[in-house]
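Structure first, commentary second.
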Amino acid sequence: MNKKELAAGVVFLILAAVLFTYTTTIPVREGQPAALGAGFYPRLLSIILGILSLLQIKAAVKVTPVPEDCPPPEKKVNFFKTKGALNLLFTLILLILYPFVLQFLGFASAAFLFLVVMIFILTADAKKHLPMIFGLAVILTVVMYVIFKIILRIPFPSGILI
Amino acid sequence: MSFDLYLAGLQYFANPMMFVTSFFGVLVGIIFGSLPGLTSTMTIAVFIPFTFGLSPVVSFAFLLGLYTGAVYGGSISAILINIPGTPSSIATSFDGYPLCQQGRAGEAIGISTVSSGLGGFFSVIVLSIAAPLIASIALKFSAEEYVGIALIGLSVIAIISPGSTVKGLIGGVLGLILGTVGLDPISSYPRMVFGKAELLDGIDSIPVMIGVYGIAEMFNQIAKDEHRTVIAQKLEKILPSMKDVRRLIPSIFRSSLIGTMIGAIPAAGGSIASLVAYGQEKKFGRNRDKLGTGVIDGVAAPEAANNASTGGALIPMMTLGVPGDPMTAVLMGGLIIQGLRPGPILFQQQMPFVSSIFISLLLSVVFMVIIGLSGARIFSRLITVKKSILIPAVFIFCLVGSYAINNSLFDVFVLIIAGTIGFLLKQIHFSVAPIILGMILGPLFETNLRRSLMLSEGSWSTFVTRPISLLFLITVVLILAGPSLLKLVKKPKVQCEDEETDDVRI
Amino acid sequence: MKRIMVIAIALTLSLSFGLYAEGSQDDASYPSKDVKVIIPWSVGGMTDVLTRPITSWMEDYLGVNFIVENKPGGGGVVGSLLIENSKNDGYIIGTTSMSTISAKYISPVYPDIKKVELISQVITIPATVTVNADSPWQTLEEYIDYCKANPGKVKNSNSGNGASAHIYAEIFAAEAGIELNHIPYAGYAEGVTALLGGHVDSTNIPLPDVAQHVESGQLRLLAIASAERHPDYPDVPTLRELGYDVVLGNYSGFVAPAGTDPEKIRILDEAIGKCMEDPAIRTFLLEAGYQPLYSNHEEFAGVVKAAEEQLEYLVNDLGVEFVDD
């Protein structure tokens with residue numbers, strides 16, 4: 001049994017059920033083939049997804065025999081305590097913050113901040129050298145600014161800085 | 001059309017500006033096409049205003065250069081960082097990225113360049129010889145035939161899914177469901193819109209694609225703390241050997257034919273062409289068993305097809321005035337701004353101009369090969385940049401690029417959500433390609449299914465009584481029959497508990 | 001490394017300073033800074049193609065940049081909502097067409113034409129009755145007679161459910177007393193392609209998109225829905241001449257967010273009027289298949305009102321439903 005696989009199957013099954021319920025709210029026009037309604041196709045998809053997630057659940061709960069010649073399982077490190085997990089969390093927060101900072105500060109300043117923090121997080125501790133990180137961030141920001149703002153003239157939300 | 005008429009177009013090329021603009025068009029196209037988040041459609045759109053001051057012939061040489069370059073450029077990021085630069089290079093990443101991880105990025109770019117060039121060349125020839133004939137065939141395609149094409153595309157998902165077929169199918173269905181968001185294409189009923197104006201047109205597949213590929217891949221590298229390792233690249237082998245090219249010629253030819261034909265069908269386009277080409281390679285190719293693990297055959301087929309689709313997509317535009325894909329729609333706008341309305345009248349009455357388009361397209365294919373081969377070394381050196389710098393740079397390009405598609409912050413949130421879900425799916429060995437393919441093919445399938453039934457007044461028999469539609473349906477059955485169905489019932493290989501089937505990337 | 005850093009910082013500073021200077025100009029004479037033009041449709045589309053030459057003409061005339069920004073989505077809904085909600089300082093304007101007012105019949109979120117000030121109309125495009133050249137119908141009478149004999153059998157392609165060509169078809173069908181099988185396509189081009197391929201029998205898609213196929217002999221124009229005959233097709237009768245009192249067609253023009261200073265509207269309107277008199281602009285629009293028609297902001301209001309009434313009539317009196325709900 002594989003817990004992750006099982007969880008995925010259950011999530012998909014719930015998704016299928018929600019979608020199916022939703023499609024029942026889509027009105028059907030009398031006197032025309034069912035396939036012509038707006039709800040027919042999404043409902044069909046929800047049924048297919050339901051069947052597939054049941055297959056997924058079935059595969060997940062099935063106990064697969066482990067072959068004899070397996071290497072002894074390695075000691076597993078709890079992923080949530082690794083450095084990778086921490087960095088991933090930081091990254092996710094930064095990504096979610098970015099659109100808001102973009103609106104508030106403007107496109108270039110937001111990009112600069114994002115780059116500084118991100119490079120800082122990912123650089124190994126021994127090599128953290130602030131002026132260098134700032135310099136790289138500035139260069140990348142200028143490149144972005146030239147491409148998107150000057151050449152492509154993309155209209156970004158105007159923040160208080162650039 | 002006599003040979004003299006072709007030559008009539010050559011007079012324009014006495015102007016050296018033609019070569020200069022074409023070259024710059026290709027160069028700029030490659031650069032923008034390879035940046036994640038800048039699609040080829042957008043590249044052409046943003047550069048159209050630059051052509052206002054140029055004469056129609058010169059400006060079109062530039063735009064065709066952009067078009068060719070951008071479609072090709074998408075493969076570079078697909079190979080190097082597993083982010084397809086444009087949807088038509090999704091299939092290129094299937095084998096391109098594994099090659100890069102083996103340190104063979106240069107070789108992959110080389111083969112991609114050569115097959116793109118051959119595909120492009122093939123389609124120009126077809127365009128200039130048989131455009132009216134192919135256009136008249138494409139006109140015969142009604143809603144029923146589009147259903148067939150969409151089904152062929154969808155069934156390819158089943159063939160190319162590595163590992164569990166159930167997972168591949170779930171991904172495909174998820175993509176199809178995402179494709180139903182927005183105003184329903186037939187009755188305009190708002191589905192899953194939740195009162196948001198941004199959702200009326202549905203969820204754009206580009207930010208989802210960049211999310212599940214780009215963002216998710218970067219998450220993966222951060223989580224595994226792998227970002228300190230850099231894969232050494234062998235750079236000596238860029239130009240593919242004659243032996244390889246000779247071996248790949250049949251498959252490049254098949255893919256070019258598929259690309260040109262699918263490109264010529266309005267609304268189908270390069271993403272379906274390259275997918276179908278990859279699918280047929282998986283089915284008939286000489287290296288079909290190794291496809292997906294990093295073989296050059298898997299790069300050659302989709303690349304030949306997507307570049308062949310550029311010439312193909314120009315066929316309906318030039319002869320009927322109907323754009324073949326979103327990119328040619330924008331190109332057409334560029335021509336109309338110049339006071340030239342592409343279509344039957346232009347094709348019949350302005351032959352020198354039309355033939356100058358053929359020659360420009362040929363020229364951009366040549367420039368593409370030259371720039372691609374001479375740049376391959378530089379491109380592949382890019383990924384030897386330290387990951388602590390590369391990852392933030394990719395992130396910021398993805399963020400800003402997805403904003404720039406529709407000038408909308410909504411797409412930035414779509415990107416982040418898609419990236420997170422893509423990352424979670426990777427953890428349980430789901431492949432993300434079916435999601436994107438489902439999103440692209442779903443609306444095509446549903447709209448035309450319902451339109452067919454409206455045309456036939458509710459009769460399902462219309463799908464088998466029309467010969468071309470019947471032929472497509474038989475093709476679908478043939479694709480699905482055999483190995484892929486067997487895989488669904490076959491017992492999975494016994495595996496050790498923590499044995500990582502890590503290479504689920506397509 | 002240090003030197004690169006200094007240069008980079010200097011660059012950022014100078015960029016930010018340049019932007020600051022731009023934003024600080026005073027507002028004594030309008031326009032004194034760049035004007036943003038929001039087009040709710042995509043680059044290279046009908047509205048885009050006709051708007052860009054006009055705005056670039058105005059750049060020369062008014063001496064400031066007109067920055068065109070395309071915000072496509074939801075058939076014009078996304079961009080139109082954005083125009084409504086923009087600052088009404090006269091530096092953000094946009095474009096409008098019939099889809100802006102018809103959106104409320106099909107979309108759960110839709111723009112309100114009362115939330116914008118009309119500036120001026122620049123083009124009109126007449127709807128048509130067009131059939132394939134291989135079809136048996138030589139005149140509108142023959143076509144209508146056939147439709148009456150076979151109700152609901154004649155397939156008519158439009159540009160989407162509730163979109164402009166569907167509206168024309170419904171009004172035309174109601175006036176002619178016929179019943180058509182309406183087949184929605186993604187846009188004008190796709191609808192015309194279906195007619196070219198013989199997958200549908202007729203269409204009411206406006207002139208610019210059918211014109212070249214009529215000229216090449218693949219399609220036949222049975223009637224045109226404008227008030228007067230078209231100069232390029234003197235032999236094609238208008239619907240009005242044939243006894244159906246309808247004038248159908250799309251328009252395109254400029255708008256500004258509600259509450260924009262009337263004086264600024266007047267300045268822009270006047271500039272657009274001057275632009276539309278320029279023979280180069282007229283020739284460009286005519287060659288691209290449009291029919292230039294300038295109306296100032298008062299006349300434009302009449303045009304929009306007439307279109308709204310036409311839609312009301314369609315929905316309330318004819319009982320046409322675009323959406324199942």
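The values are calculated or read from the model by the stated rules, or taken from the named source; none is laboratory data. Predicted model only: the values in this text are computed from it and were never measured. Neighbour counts are summed over all protein chains in view; Cβ atoms, including those assigned to glycine, are modelled from backbone coordinates with ideal geometry.
Counting just the residues of region C:252-285 that are among the hydroxyl-bearing types (Ser, Thr, Tyr) and within 20 Å of the chain's Cα centre (by Cα), which one comes out surrounded by the fewest Cβ atoms within 10 Å (Cβ to Cβ)? Checking each candidate, the answer is C:Thr283.
Of all residues in region B:438-474, those that are surrounded by 15 or more Cβ atoms within 10 Å (Cβ to Cβ) and facing chain A (nearest Cβ under 9 Å) total 7.
From A:Leu45, A:Leu6, grab the single residue that is closer than 18 Å to B:Leu178 by Cα and either in a helix (DSSP H, G or I) or at the interface with another protein chain (Cβ under 7 Å from one of its Cβ atoms) (or both).
Values: A:Leu6 fails: closer than 18 Å to B:Leu178 by Cα.
Within the list A:Leu45, A:Leu6, the selection yields A:Leu45.
Which of the helices (runs of 4 or more DSSP H) contained wholly in region C:232-325 include at least 3 residues that are closer than 25 Å to C:Lys115 by Cβ?
Working: elements: C:262-277, C:279-287, C:297-312.
Counting at least 3 such residues, we get C:262-277, C:297-312.
Looking only at residues of region C:146-182 that are crowded, with 23+ Cβ neighbours inside 10 Å and part of a strand (DSSP E or B), we find that the one that is nearest to the chain's Cα centre (by Cα) is C:Asn158. Taken over region B:361-376, the criterion of being within 13 Å of B:Phe24 (Cβ to Cβ) and of a type in the set (S, T, N, Q) is satisfied by B:Ser364 alone. Residues in region B:381-407 that are at the interface with chain A (Cβ under 7 Å from one of its Cβ atoms), closer than 21 Å to B:Thr420 by Cα and among the polar types (S, T, N, Q): B:Ser388 alone.
Every residue, every condition in (1) in contact (Cβ under 8 Å) with a residue 12 or more places away in the chain; (2) facing chain B (nearest Cβ under 8 Å); (3) over 28 Å from B:Ile203 (Cβ atoms), yes or no:
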position: C:Met46; (1), (2), (3): yes, no, no
position: C:Ser56; (1), (2), (3): no, yes, yes
position: C:Glu59; (1), (2), (3): no, no, yes
position: C:Val78; (1), (2), (3): yes, yes, no
position: C:Leu82; (1), (2), (3): yes, no, no
position: C:Tyr91; (1), (2), (3): yes, no, yes
position: C:Thr96; (1), (2), (3): yes, no, no
position: C:Tyr105; (1), (2), (3): yes, no, no
position: C:Pro111; (1), (2), (3): yes, no, no
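Scanning region A:122-162 for residues that are away from chain C (no Cβ under 13 Å), touching a Ser or Thr at 6+ places or on another chain (Cβ under 9 Å) and modelled with pLDDT under 85 yields A:Thr123, A:Ala124, A:Lys127.
Taking region C:30-39 as the range and being out of contact with any Lys or Arg (no Cβ under 6 Å at 6 or more places or on another chain) and part of a loop (DSSP other than H, G, I, E, B) as the test, the residues that pass are C:Pro31, C:Ser32, C:Lys33, C:Asp34. In region C:154-162, is there at least one residue being at pLDDT 90 or above and away from chain B (no Cβ under 14 Å)? The answer is no; no qualifying residue exists. Note on region B:172-215: among residues that are under 24 Å from the mean Cα position of the chain (by Cα) and charged (D, E, K, R), the one that is farthest from the other protein chains (Cβ to nearest Cβ) is B:Asp204. Answer yes or no: is there a residue in region C:202-222 that is under 29 Å from B:Thr328 (Cα atoms), of a type outside the set (Lys, Arg), touching a residue at least 40 places away in the same chain (Cβ under 8 Å) and in contact with a Cys (Cβ under 9 Å, 6 or more places away or on another chain). Yes - at least one qualifying residue is present in region C:202-222.
For residues that are surrounded by 20 or more Cβ atoms within 10 Å (Cβ to Cβ) and more than 17 Å from C:Gly249 (Cβ to Cβ), tally how many sit in region C:93-107.
Of the residues in region C:93-107, the ones surrounded by 20 or more Cβ atoms within 10 Å (Cβ to Cβ) are C:93-103, C:106-107.
Within this subset, residues satisfying the condition of being more than 17 Å from C:Gly249 (Cβ to Cβ) are C:93-94, C:103, C:106-107.
Total satisfying the criteria: 5.
Pairing residues of region A:88-116 that are within 9 Å of chain B (Cβ to nearest Cβ) with residues that are modelled with pLDDT of 90 or more and outside any helix (DSSP H, G or I), at Cβ distances under 6 Å and at least 6 apart in sequence or on separate chains, gives no pairs at all. Checking C:Asp145, C:Asp89, C:Asp134 one by one, the residue that is more than 25 Å from C:Val247 (Cβ to Cβ) and assigned by TED's automatic domain parsing to the domain that holds C:His213 is C:Asp134 and no other.
Residues in region C:200-216 that are among the small types (Gly, Ala, Ser) and modelled with pLDDT under 90: C:Ala211, C:Ser216. The residues in region A:1-57 that are over 19 Å from B:Gln427 (Cα atoms) and among the basic types (Lys, Arg) can be counted, and the count is 2. Does A:Ile119 qualify as being away from chain C (no Cβ under 11 Å) and either modelled with pLDDT of 85 or more or in contact with a Pro (Cβ under 6 Å, 6 or more places away or on another chain) (or both)? Judged against the criteria, A:Ile119 is a match. Scanning region B:145-171 for residues that are under 20 Å from the mean Cα position of the chain (by Cα) and facing chain A (nearest Cβ under 9 Å) yields a count of 0.
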